[in-house]
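Student: Mind looking over this structure? Questions follow.
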Amino acid sequence: MRTLIFSTLLIICSACDDDCERTKLILIVITCCICGPLLLCFIWFILSRIKYRMYIKKKKQLLFQQYLSSLNPVDKGLDQDFMNYFTQKKWNMQYTQRLKENRVAGLQITYQNLNNSHNFIMKGRDNSGTWMAEGYLISDSEPKLWMMKFYKDKPRAQQVGQYKHLIYYGEFDKQLKLVNGRWYFHGHMNHPNYSGTWSMNVI
């Protein structure tokens with residue numbers, strides 16, 4: 001409809017060679033009417049994404065601090081054996097949900113030590129889709145890790161509403177060289193359908 005109006009007005013204006021200033025004004029008004037709403041939608045989209053990222057960052061820090069307070073971790077530096085395995089080895093990952101085991105494919109781990117905070121980003125895909133997780137390594141009597149997992153297609157993974165915050169935590173077993181832990185949707189830690197176990201082992 002807008003294209004038809006634009007074309008019609010353009011034809012009318014082109015016939016008025018003696019009034020080019022009016023033609024220019026009309027074209028400017030038409031352009032603003034068409035592009036203005038699109039620009040506003042684009043700005044709204046960018047601002048909403050920034051707001052969402054800020055919300056997720058604050059929520060992640062809050063939930064992580066709650067987890068730390070339940071541990072009382074010993075700040076003695078991370079175990080070097082664990083650091084070597086975590087940063088240099090390739091891992092397999094699997095988790096159980098509703099008593100069914102799900103394997104993760106294409107697992108990638110990127111480690112960063114920012115301001116003495118051992119951050120990492122984990123990426124992979126499973127039966128629920130492609131995902132990314134952001135987390136921390138924790139120095140304790142046994143090295144631990146904690147992370148929040150975000151699926152790319154949240155409706156497909158049912159990561160919406162009260163199930164939008166997906167938490168993983170685990171502990172490194174020095175003898176077996178693997179990580180064992182639990183996952184859950186925040187607020188549903190003991191729900192049989194929205195929590196379970198998970199593990200990682202070196203390939």
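Student: Within region 110-146, can you find the residues that are in a strand (DSSP E or B), open to solvent by 50 Å² or more (accessible area, probe 1.4 Å), in contact (Cβ under 8 Å) with a residue 12 or more places away in the chain and not polar (S, T, N, Q)?
Tutor: The answer is Tyr111, Ile121, Lys123, Arg125, Met132.
Student: Select from region 155-170 the residues that are at negative phi, over 12 Å from the mean Cα position of the chain (by Cα), open to solvent by 20 Å² or more (accessible area, probe 1.4 Å) and not β-branched (Val, Ile, Thr) and list them in ascending order.
Tutor: Within region 155-170, Pro155, Arg156, Gln162, Tyr163, Tyr169 qualify.
Student: In the list Phe185, Phe150, which residue meets the criterion of being touching a Leu at 6+ places or on another chain (Cβ under 8 Å) and more than 20 Å from Leu99 (Cα to Cα)?
Tutor: Phe150
Student: Within the group Ile203, Ile167, which residue is within 16 Å of Leu63 (Cβ to Cβ) and in contact (Cβ under 8 Å) with a residue 60 or more places away in the chain?
Tutor: Ile167
The values are calculated or read from the model by the stated rules, or taken from the named source; none is laboratory data. Just so it is clear, the model here is predicted, and its values are computed rather than measured. Note that each Cβ is placed from the backbone with ideal geometry, even for glycine, and that neighbours are counted across all protein chains shown. Quick note on the areas: whole protein, heavy atoms, side chains included, nothing else; ligands and nucleic acids left out. Shrake-Rupley method; radii C 1.70, N 1.55, O 1.52, S 1.80 Å.
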